[in-house]
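Everything on this sheet refers to the single structure shown next.
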């Protein structure tokens, strides 16, 4: 960047090549500077998401980011350090959280990020930075999929796959808040916890085939995808005529679209986008006690590779978070 010689340095997790978790390394890079309408945020914590390790390997958003080097991470919680010209919604010292720039590089695994001010929202007062950093990408994915894409209504039946994961545990709570009948798939050990979040029915996908247990769903939120045991295609069997499958990680292939049409149901691909106003609403629900945030563990920035390894095992309850200040 042009101001590399004059900008202060900051710590960041950089990858120089695609590959396994071992390609992640902590180094010093120039601190970004806010442009007009942007804010500079001192990052206190950064959430870790499946799109992070998929991108690190060459999938996920690697096609958008291009070739490394780059800095992963889209979930951040921190404090506004400086505001650019034209910023009217935030001021220096404000505690904020957000999912800036997605799917372009945000550089969340770093001490500072810059982004348009309206891609952030004020951090929920009831949360610390580690908990707040676990919210944006996962919660916005669940919120936008259920509210904006599925237009979920009171009394409808929704099936949520991977209900105990980062996105899933928010989706269960949002669906319940919207008045839906919530069905989730998860391992038996997580059923009691998911019931406390609002799940009405739970299916242990390791013991039975979910399509044998669920019928007449209005909406399926598939957070697994056809790449794993044809989850999206099998989910079509659970929908009522005219029902909707929202396929998040794998999208809708021509074969899936054809299968949906043959069954008289709909299938929609989905990608989350930055949404400051939705984060404000989500923050209100959190502060009101209507939505809780599950963080499995908080690791220092230097252990980002370990966080990726653990996340890739697919057994996380809620989210993993990096502490950027330690």
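FYI, it's all coordinate maths here, none of it is from the lab. This is a predicted model, so every value here is computed, not measured. Heads up, the Cβs are rebuilt from the backbone with ideal geometry, glycines too, and the neighbour counts pull from every protein chain shown.
Dividing the radius of gyration of the alpha carbons in the range 107-177 by their Kirkwood radius gives 1.03 for Rg/Rh. Taking neighbour counts of Cβ atoms within 10 Å as a proxy for exposure, in what order, fewest first, do 282, 71 appear? Starting with the residue having the fewest Cβ neighbours, the order is 71, 282. Return the whole-Å distance between the Cα centroid of the range 290-320 and the Cα centroid of the range 117-138. Spelled out, the Cα-based centre of one part sits 16 Å from the other.
Please arrange 87, 208, 41 by how many other C-beta atoms lie within 10 Å of their C-beta, fewest to most.
Details: 87 19, 208 11, 41 30.
Ordered by Cβ neighbours within 10 Å, fewest first: 208, 87, 41.
Taking the three principal axes of the alpha carbon atoms in the chain, the coordinate ranges are 62, 41, 34 Å, sorted in descending order.
Test of understanding: ordering 117, 268 by Cβ neighbours within 10 Å, fewest first, what list do you get? Can you show the working numbers first?
On the way: 117 25, 268 16.
By the 10 Å Cβ count, ascending: 268, 117.
Across the range 269-326 the C-alpha pair distances fall into 10 Å bins from zero in the proportions 19, 32, 43, 7 percent. What is the range 206-326 by shape, rounded, prolate or oblate, if you read a ≥ b ≥ c off the alpha carbon gyration tensor as root eigenvalues and call it rounded for a/c under 1.5, prolate for a/b larger than b/c, and oblate otherwise? Since a/c reaches 1.5 and a/b is larger than b/c, the shape of the range 206-326 is classed as prolate.
With the gyration tensor restricted to C-alpha atoms of the range 69-127, the semi-axes of the equivalent ellipsoid amount to 19, 14, 10 Å, longest first.
Along its principal axes, the range 138-269 has C-alpha extents of 38, 32, 24 angstrom, given from the largest down.
Per residue, the convex hull spanned by the alpha carbons of the range 1-111 comes to 103 Å³. Whole-percent P(r), the range 187-261, all Cα pairs, 10 Å bins from 0: 18, 49, 28, 4.
Normalising by residue count, the range 248-292 has a Cα convex hull of 113 Å³ per residue. Taking every DSSP helix (H) stretch of at least 4 residues in the chain, weighting each as -39,500 (n - 2.57) and dividing the sum by the residue count yields a mean residue ellipticity at 222 nm of -7000 deg cm²/dmol.
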